[in-house]
Amino acid sequence: MLEIKPSCPEVLYSDDDILVVSKPANLLSVPGKGPDKQDCLWKRAQRSHPTARIVHRLDYATSGLMVLALTAESHRALSIQFQERQTDKRYQAIVHGAPDQEKGEINLPLRCDWENRPLQIVDHVQGKNALTRWHRLETNDLGTRVLLYPVTGRSHQLRVHLQAIGHPILGDAFYAPESVQNLSTRLLLHAEYLSLNHPATGQRMAFSSLCPF
């Protein structure tokens, strides 16, 4: 029987040091536990770029831009940029309802909900600082399209923050009520813009991925 291997991710840019790809929704960034969770963006990328290394991650359900390092030196340099918040990231989402304001900030500390992992929760005592800036684009019968600017990079940050202010993301199987989940067959969250300093040259580079919804 012919074995059909999953396709490699869309390559938006590559050189000797970095690889920039667009991850499809419903694909792990790295392998999970168990034989059924081995297919992931990292392994797919290694088919065409065997030295590719993960620098940062997107949720399984989230689509959009990821940068991978192709050398140990570039991995180290890029990891520092993400840790020290030297990168700029922008996401696009469609949320339930309509925020009253045109833009705002969500400053709510987050931690893992240990009894319901991998879910995250707001915790003002034990949570880690988490900050998201947002800007409303348009509202229609489905919901409101927003731009999201995560200042910090906590797990599920954008999803939890929007749910916490009463505007969960459409199609969110973790944090939205069932009626909002059913408004979309996928999570309507996409990493559409990423800028960073090239790890070898120091040149500022910017990448974009067209929002698919």
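The values are calculated or read from the model by the stated rules, or taken from the named source; none is laboratory data. Here the structure is a predicted model, which is why all the values come from computation and not from measurement. Glycine gets a Cβ as well: all are built from the backbone with ideal geometry, and neighbour counts include every protein chain shown.
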Inset, instruction - Quick one: which residue in Ser195, Ser184 is among the hydroxyl-bearing types (Ser, Thr, Tyr) and assigned to a loop (DSSP other than H, G, I, E, B)? - result: Ser184
Inset, instruction - Scan the range 156-198 for residues that are surrounded by fewer than 19 Cβ atoms within 10 Å (Cβ to Cβ), over 17 Å from Thr87 (Cβ atoms) and of a type in the set (Ser, Thr, Tyr) and jot them down. - result: Ser179, Ser184, Thr185
Inset, instruction - Looking for whichever is more than 30 Å from Tyr13 (Cα to Cα) and hydrophobic (A, V, I, L, M, F, W, C) here; the options are Leu187, Leu162, Leu194. Which one fits? - result: Leu162
Inset, instruction - Go through the range 112-132 and give me each residue that's surrounded by 18 or more Cβ atoms within 10 Å (Cβ to Cβ) and either among the charged types (D, E, K, R) or part of a loop (DSSP other than H, G, I, E, B) (or both). - result: Ala130
Inset, instruction - Could you list, in sequence order, all residues of the range 14-27 that are under 13 Å from Ala69 (Cβ atoms) and either part of a loop (DSSP other than H, G, I, E, B) or not assigned by TED's automatic domain parsing to the domain that holds Cys40 (or both)? - result: Asp15, Asp16, Asp17
Legend entry - Answer residue from the range 44-58, given it is part of a loop (DSSP other than H, G, I, E, B) and more than 18 Å from the chain's Cα centre (by Cα) and is surrounded by the most Cβ atoms within 10 Å (Cβ to Cβ) among those: Ala52
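Return yes or no: is Asp39 of a type in the set (Asp, Glu), touching a residue at least 24 places away in the same chain (Cβ under 8 Å) and under 17 Å from Leu194 (Cβ atoms)?
Judged against the criteria, Asp39 is not a match.
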Legend entry - Residue that is nearest to Val95 (Cα to Cα), among those in the range 133-150 that are surrounded by fewer than 15 Cβ atoms within 10 Å (Cβ to Cβ) and of a type in the set (A, V, I, L, M): Leu142
Legend entry - Scan of the range 63-99 for residues that are part of a loop (DSSP other than H, G, I, E, B), within 25 Å of His161 (Cα to Cα) and touching a Ser or Thr at 6+ places or on another chain (Cβ under 9 Å), ordered by number: Arg85, Thr87, His96, Gly97, Ala98, Pro99
Inset, instruction - Scan Leu142, Leu158 and give me the residue that is at pLDDT below 95 and among the hydrophobic types (A, V, I, L, M, F, W, C). - result: Leu142
Legend entry - Candidates Leu65, Leu12, Leu41 - the one that is of a type in the set (A, V, I, L, M, F, W, C), buried (at least 16 other Cβ atoms within 10 Å of the Cβ) and farther than 21 Å from Ala200 by Cβ: Leu41
Inset, instruction - Can you confirm whether the range 88-105 contains a residue that is touching a Cys at 6+ places or on another chain (Cβ under 6 Å) and not acidic (Asp, Glu)? - result: yes
